[in-house]
Every structure is written in structure tokens, then in C-alpha cells.
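What follows is one structure encoded as C-alpha cells, with my remarks underneath.
The values are calculated or read from the model by the stated rules, or taken from the named source; none is laboratory data. Since the structure is predicted, the reported quantities are computational estimates derived from the model, not experimental observations. Counting neighbours? That spans all protein chains shown, and the Cβs are built from the backbone with ideal geometry, glycine included. Just the protein is used for accessible areas: all its heavy atoms, side chains included, with ligands, DNA and RNA removed. Shrake-Rupley method; radii C 1.70, N 1.55, O 1.52, S 1.80 Å.
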Amino acid sequence: MLDILKYPDERLKQASQPVTVFDDTLHAFVADLKETMRAGPGGVGIAAPQVGRFERIVIVDISALRKLPKGSSHSGRLLLINPEITEWEGMAMGREGCMSVPDYTGNVIRAEKIRFTAYDESGTQREYECAGFEARAVQHEVDHLDGLLFLDRLVSRRSDLFRRKVYKRKDEK
Ligand SMILES: [Zn+2]
């Protein structure tokens, strides 16, 4: 389990570097990153800089939460290395949360459909397209690689930022 950097840690504003070596060290790191994402509450995505490693690696896994559209180009579990979004289509407002911003959610405008390329663990470049919730998650994670949080994309902090509900345990006062 890796430690998650939390807002307002300045390191979250740092841009990440492309991965150039696809070796066992990378594979081990990806495995740790996956574990860390799964351990988070409702975590559907994580980016390497969130654990203080400034390389262009993200994981998006919506397989447990949403059904993928028919004919999807992949399984809903994405490991994306050096991802580049190449096409954006449509716009939609939706609610986002982030492991680095645990106390808030926010309404953010994103493209509804995107196309992108990314390398897999073995260093092969692939093409993807996705839509809806998954496209939103990919855009959110790719933002982390450029030092951006969903907080930076809010139109208005006053109307688009929401405190997460905190449920007290029964034995707490
Ligand atoms: Zn995030």
C-alpha cells in the first residue's frame, strides 16, 4: 500500500514524465498502484503522481461499478502508460471525487466521448475510445499527470464544490 498525497500538497501540481523503460520495476509499481486504488473507498482510478511517483501512469477500473457499453474496445480495466487524448466529443457536467481530495466532491464539465492512445505494460501502443463515466474517469486521471485536480476545473467553488457527508460511527458522539 502506497501513501496518497492529499490536497493542498504542492507536489500534486507537478507534471509527470513519460515512462521510457518497461521493466520489472514498472510492473511491480503498477501492481502496488492497483492495490492502493482498490483499498480506497469507491476508487475507480489512480494516477502515479498521487503516490509521489511523477511518471505518466494511470489506472482506471470501472468494471465493478458500471456496465460498459456494448462493443467497447476493452474490458473496463485500463492501465494507461503515457496516455494521450487525441479526440474530444460533446460535453457533460458530472460529479467527481478524488483520493487526493477526500473531503469534497465537485461538478466538472468533461468531454462525453474521447479517443486516446496509451502504452500497455509491455510497451505496446494501443488505441482506445470510451464514453460517459469511463471517459470522465480517464480525463480526471490524465489531468493528474499534468498537475491538475478536479478543483482546478470547477466553474465556481461556491456552487460546484460539495463537502462529503461524513457518517459518524455509532460508538462516536
Ligand atoms: Zn483524482
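Worth pointing out:
- Within the full protein context, the accessible area of residue 119 is estimated at about 70 Å² for a probe radius of 1.4 Å.
- Residues whose placed amide H lies under 5 Å from that of residue 2, excluding near-sequence neighbours: 36
- Per-atom-type breakdown for the stretch 30-112 gives carbon and sulfur 49% of the accessible area (1.4 Å probe, protein chains only).
- The mean accessible area for residues of the chain, using a 1.4 Å probe and ignoring ligands and nucleic acids, is 59 Å² per residue.
- A simple rule links phi to the HN-Hα coupling: the Karplus curve 6.51 cos²θ - 1.76 cosθ + 1.60 with θ = phi - 60°, which for the stretch 41-50 gives x, x, x, 10, x, 8, 10, 3, x, 5 Hz, with x for Gly and Pro.
- Computed accessible area, residue 21, all protein chains, 1.4 angstrom probe, square angstrom: 90 Å²
- Normalised radius of gyration (Cα atoms, divided by 2.2 N^0.38 Å) for the stretch 85-129: 1.52.
- The stretch 32-173: relative contact order in percent, alpha carbon pairs under 8 Å with at least 6 residues between: 23 percent
- Phi angles across the stretch 131-147 convert, under the Karplus curve 6.51 cos²θ - 1.76 cosθ + 1.60 with θ = phi - 60°, into 3J(HN,Hα) values of 9, x, 4, 5, 4, 4, 4, 5, 4, 4, 5, 4, 4, 4, 5, 9, x Hz, Gly and Pro given as x.
- If R0 equals 30 Å, the separation of the Cβ atoms of residue 162 and residue 24 corresponds to a calculated FRET efficiency of about 0.10.
- For the chain, modelled as a GNM whose springs connect Cα atoms under 10 angstrom apart, the maximal fluctuation among 67, 13, 34 occurs at 67.
- The stretch 30-123 shape via C-alpha gyration tensor axes, a/c threshold 1.5: rounded
- Reciprocal mean inverse distance between Cα atoms of the chain - Kirkwood radius, Å: 16.7 Å
- Annotation: for a label point projected 7 angstrom from Cα along Cα→Cβ of residue 148, residues of the stretch 88-130 with backbone N closer than 13 Å are 88, 108-111.
- Couplings 3J(HN,Hα) for the stretch 106-112, derived from phi with the Karplus relation 6.51 cos²θ - 1.76 cosθ + 1.60 (θ = phi - 60°), are x, 8, 10, 8, 9, 5, 6 Hz, where x marks Gly and Pro.
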